[in-house]
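Okay, structure first, notes after.
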Amino acid sequence: MAMCKVSSTVHFVTRSAGGRESSARAHWVPNTDVYTSDSGLVIKVELAGMRSDHLEITVEGSRLRISGTRPDGCRSSKVSFLVMEINYGPFESVLELPPGYDLSQAKAAYLNGFLRIDVPLVQRSSKSTTVPIAEGNQSLL
């Protein structure tokens, strides 16, 4: 089974502390999987050691912003690290979603250190509608 890169229609955007978009990392960015299913788009974010009340999800147009803070209150202040790979403090991820997904109907759940956001496909009406045709109105021609 071949692995493939997430489509270029999903973009991660990092913001600097002043609110400007930037390629510099002002915050840490959690590991994130984005994939499609029969019902829509699934976003899965690895956020071990956090509680759901430390997370915030906001929608801005076609952008989904996931932010929060991972606290670091479990170690003494007098430690000397040999290896430090776990990120603490504030984080932010912004995903630009491709057209066809309804962010207003997104649902999120946090379980066992993973945040899962399901974004359904836009519901297209299957019933047909007719457009009335006016008789004798020359102003439309």
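Computed from the coordinates by the stated procedures, all read-outs in this text should not be read as laboratory data. Computed from a predicted structure; not experimentally measured. We place every Cβ from the backbone using ideal geometry, glycine too, and count neighbours over all the protein chains shown.
Counting neighbouring Cβ atoms within 10 Å and putting the fewest first, the residues R75, R124, R65, R70 line up as R124, R75, R65, R70.
As a rough footprinting exposure proxy, the listed residues T32, T130, T69, T58 were ranked by other beta carbons within 10 Å of their own, and the order from fewest upward is T130, T58, T69, T32. Residue order for Y101, Y35, Y88, fewest other beta carbons within 10 angstrom first, comes to Y35, Y88, Y101. Summarising the label geometry, the points placed 7 Å from Cα in the beta-carbon direction at K107 and I86 lie 3.2 nm from one another. Note on the stretch 78-127: dipole from Cβ charges, positive end direction compared against G89, G100, V79; the farthest Cα belongs to G100.
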